[in-house]
Amino acid sequence: MALVKRALALLMSITLAMELIHAAVHKVGDSAGWTTIGNFDYKKWSATKTFQVQDVILFEYNAQFHNVMRVTHAMYKACNTSAPLATYTTGNDSITIKTRGHHFFFCGVPGHCQAGQKVDINVLQSNEMAPTSSVSSPPVPSAKVPGPAPSNAMPLKALKSPSGNIGLAMAVLATFLINFA
């Protein structure tokens with residue numbers, strides 16, 4: 001029985017390590033960063049990314065002129081800064097995505113959101129296929145809307161979470177070992 005417990009602990013450790021190894025860091029705006037200079041298109045930027053749970057969203061900006069607010073969809077559409085879910089002000093903010101669905105961010109400095117300094121990070125369900133339609137479609141309020149087309153997707157993304165193929169195989173193996181060993 002001790003061997004079974006050790007094997008189970010090892011499998012769980014491997015699963016956790018795989019999650020951490022496969023998490024990606026996405027710098028918002030790439031080399032432009034989080035800014036209003038140059039009219040950077042954050043909608044287009046996010047459409048070129050495939051986001052997964054445990055990925056890190058990195059906002060780099062001049063903290064004297066910008067900030068980052070995490071907001072609801074309604075607040076995002078209206079650029080409403082009155083009650084953000086969270087506010088970040090360091091100029092080097094790393095936010096780990098913990099759930100699937102849409103995650104809305106904008107700059108709370110007056111006029112910046114209206115000028116386009118806002119981004120919708122959409123983490124797809126593992127079984128969803130990203131559409132190949134145009135990036136210029138208007139935002140849709142539903143959180144179940146398919147997200148942007150994937151790019152630079154790692155071929156082993158299924159290893160990323162315990163709900164992936166490896167996680168399922170480990171759960172089946174653990175159940176077998178507990179019941180039949």
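Worth a mention:
- Top-ranked residue of segment 46-79 - restricted to ones that are among the aliphatic types (A, V, I, L, M) and assigned to a strand (DSSP E or B), ranked as farthest from His26 (Cα to Cα): Val71
- Within segment 112-130, the set of residues being without any contact (Cβ under 8 Å) to a residue 40 or more places away in the chain and open to solvent by 40 Å² or more (accessible area, probe 1.4 Å) comprises Gln114, Gln125, Ser126, Asn127, Glu128, Met129.
- Set Lys77, Lys43, Lys27: member being open to solvent by 30 Å² or more (accessible area, probe 1.4 Å) and in contact with a Pro (Cβ under 8 Å, 6 or more places away or on another chain): Lys77
- Residue match in segment 53-61 (condition: of a type in the set (D, E, K, R) and either touching a Gly at 6+ places or on another chain (Cβ under 8 Å) or at positive phi (or both)): yes
- If the condition is being open to solvent by 20 Å² or more (accessible area, probe 1.4 Å), in a loop (DSSP other than H, G, I, E, B) and over 17 Å from Gln54 (Cα atoms), then segment 80-111 contributes Asn80, Thr81, Ser82, Ala83, Pro84, Leu85, Thr89, Thr90, Val109, Pro110, Gly111.
- Test: residue in segment 49-56 that is modelled with pLDDT of 95 or more, surrounded by fewer than 15 Cβ atoms within 10 Å (Cβ to Cβ) and within 19 Å of the chain's Cα centre (by Cα): yes
- Given (1) part of a loop (DSSP other than H, G, I, E, B); (2) modelled with pLDDT under 95, index of the condition Ser31 fails: (1)
The values are calculated or read from the model by the stated rules, or taken from the named source; none is laboratory data. Note that this is a predicted model, so its numbers are computed, not measured. Every residue, glycine among them, receives a Cβ derived from its backbone with ideal geometry; neighbour counts consider all protein chains shown. All accessible areas refer to the heavy atoms of the entire protein, side chains included, with ligands and DNA or RNA removed. Shrake-Rupley method; radii C 1.70, N 1.55, O 1.52, S 1.80 Å.
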